[in-house]
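Bear in mind that the values in this text are calculations on the coordinates, not laboratory data. Every value quoted in this text rests on a predicted model; they were computed, and no experiment measured them. A quick note on method: Cβ atoms are made from the backbone with ideal geometry, for glycine too, and the neighbour counts reach across all protein chains shown.
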Amino acid sequence: MKASRYFIVFFILILFFSCSSNNPRDVARAFLSSLVALDFEKASLFVTEDSRGDFDMYVAFLSLIPEEKRGQLAVRAFGIIDVAVEGDKARVLYKIEDEAVDELFLVRENGSWKVDWFMEF
């Protein structure tokens, strides 16, 4: 009986770790999915500590838009076009609906891939 419990726990742990992925494509997809759904709290989980200030500024800027108009910013579809990884850095090319192709940069932070968010002025 004890052996079967250990087997079940072992199986659950294997299943959990095999389903959770930490690669640039999946992190970029999770970040962009949260971002286009305007779920900034979830999107912030994927941002590096160094770029948290810029991301918070972006969210603060968007909060100035009236709630009834903010919904118009939500996007239904995006696609990841290409992922290039070089060591602890990655560049993800993506396209949101009818917009031009854009890029997202990721870095490995404490063993996990995170979005290196910065604002351009």
Neighbour-count ranking for Leu38, Leu64 (other C-beta within 10 angstrom, fewest to most) reads Leu64, Leu38
If the chain between Glu49 and Asp82 were fully extended at 0.36 nm per residue, the gain over the current Cα-Cα distance would be 9.4 nm
For 67-75, 43-51, ranked highest to lowest by mean beta-carbon neighbours within 10 Å, the order is 43-51, 67-75
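Kindly give Rg over Rh for the stretch 19-115, based on alpha-carbon atoms, with the Kirkwood expression for the hydrodynamic radius.
Over the Cα atoms of the stretch 19-115, Rg/Rh equals 0.97.
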Length gained if Asn22 through Lys42 is fully extended, taking 0.36 nm per residue and subtracting the Cα-Cα distance, is 5.6 nm
